[in-house]
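Shown next, in structure tokens, is the structure this report addresses.
The numbers here are math on the coordinates, done by the rules we state, and not lab data. No experiment lies behind these values; they were computed from the predicted model shown. Neighbour counts run over all protein chains shown; Cβ positions are idealised from the backbone, glycine included.
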Amino acid sequence: MISRSRSQKKRRVEVLIFGVLAAAPVGLVQAQTAIQILTAGCAQDARKFCAGVPAGNGQIIACLKQNKDSLSDQCKQAAAQVSRMNAGGPPGTLPGAPAPPAANPVAHSGASLTGKSASGADGSYLNLKKVQISGPGADSAHPTQPAFELLIPSSWTIKGNVTVGGSPSGCYANLFALSLTATSPDQTTAFAAGPDYSWQYADDPTVLKNLNDPNMRAPGPNGKPCPVAKPMRAEDYIRQNILKLYPSGTTVVSVAPFPQLDEIVHKRLGLAPGGATAGAVRTEAIRVRLAYQQDGKDLEAWVAVCVVQNVYTAGRGSFYDSDAMSLVAFSAPKGKLDANDKLFQVIVGSIQPEPPWVTYSNGVVAMLNKAQAQKVARINQMWSQFYARAAQTINAETANAMKGADASSFHEDQNIRGVQTFVDPATGKTQELSNLYDQAWQNGSDEYVMSNDPNFNPNQQLSGNWSELKAVNP
């Protein structure tokens, strides 16, 4: 009886999805993307409001329309996203601006402490909590799943999610888009992370002509193929694509390499630590300091990104597959940015994808690339090889990212990423935390305190019961 009920509900959800898609024809890949969006966003609403509605003839869609004022925000966002896709418009813009778009709340692990600042009154300690960002699930029975975790100050609030098609790029690699914003209680200081963005280019005129031919390209989540643009350095990417998201008159104060972010991307891609490249893969991570005014207030910000280039032989030249990855930003009132340098590095170093999410999301992208390779094989052999190679690369990245490295490489990787491993002597449980602090404690509720003050004891200055963690020596 339970199995039959679930089958009937699944059938209704499928009818809902395909009914919406029939309203406006889209490409094969876009349709697959829309199915994922609506399955993740509206399955629960269909079960809640339309459980007794017969499937077929658009009756479930009519039912949802009748209950449109009561639909969940997740379902409304999914329907709006599919509507924009069908209209050919972009699903969103790159975040990183001072006022990022609102997103769904994320799960908080542990309660925030009250009456204490994020870093302590004297700046001698940092009080953090672990939070999770959710992404779309594999099916209607599991509409969401944990995608990323990170540490933020215990008194801060955070909003964020991973959406399907949330990047302005039309590339398969950007199918799943991360967007989050964490803010201080007084709303003056904020950390944000935005989606990856990809583009392609070829220096052989014939290949470039094919690259600009829409009949040779697969439409992505926003109904458009990958953008075509020349390779660019990380600084040029920020100046051309991110700076315009800030208020008019924003100035670039400084540009500096950001080895910590470069190593984070190397780990994400399964590349060797220490800034080394693998074959034709090139990476460049930078941190740009900005100064601007908003609402009559003088503000400063760091914006960081890592640009990755994969270079392949194509025709009589090279094909450049570029990705701007791990886009993050940190804003504060003028004169307060440097005081938050450690906090910025701590948050950046703490962002980790959940292993099941890596397997799932990379698997979906690899599957789409493989399907497109088969689809275009009879049209253009070069593109077929590219999509097949992309699928193989993603599968290799997943395998490499999951493999454990030897002790020396792992230690080198941690040093550059700015983290070290701490262990709870009582339970043996380990946790990667910032290596900017020598001492760490946890309270069993995914909250952590870190300090360099040898006389600091959270059990004397903070509420709760804190157990000291021990640094694991390499």
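Below, the figures for the structure above:
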item	result
Whether the stretch 413-457 is rounded, prolate or oblate, judged on the alpha carbon gyration tensor where a/c under 1.5 counts as rounded	oblate
Overall form of the stretch 191-262 per C-alpha gyration tensor (a/c, 1.5; a/b vs b/c)	prolate
Cβ-defined net charge surrounding SER72, 12 Å radius [Lys, Arg +1; Asp, Glu -1]	+1
Unsatisfied cross-links (Cα-Cα over 18 Å) in the set LYS297/LYS334; LYS48/LYS68; LYS297/LYS336; LYS76/LYS130; LYS244/LYS334	LYS76/LYS130; LYS244/LYS334
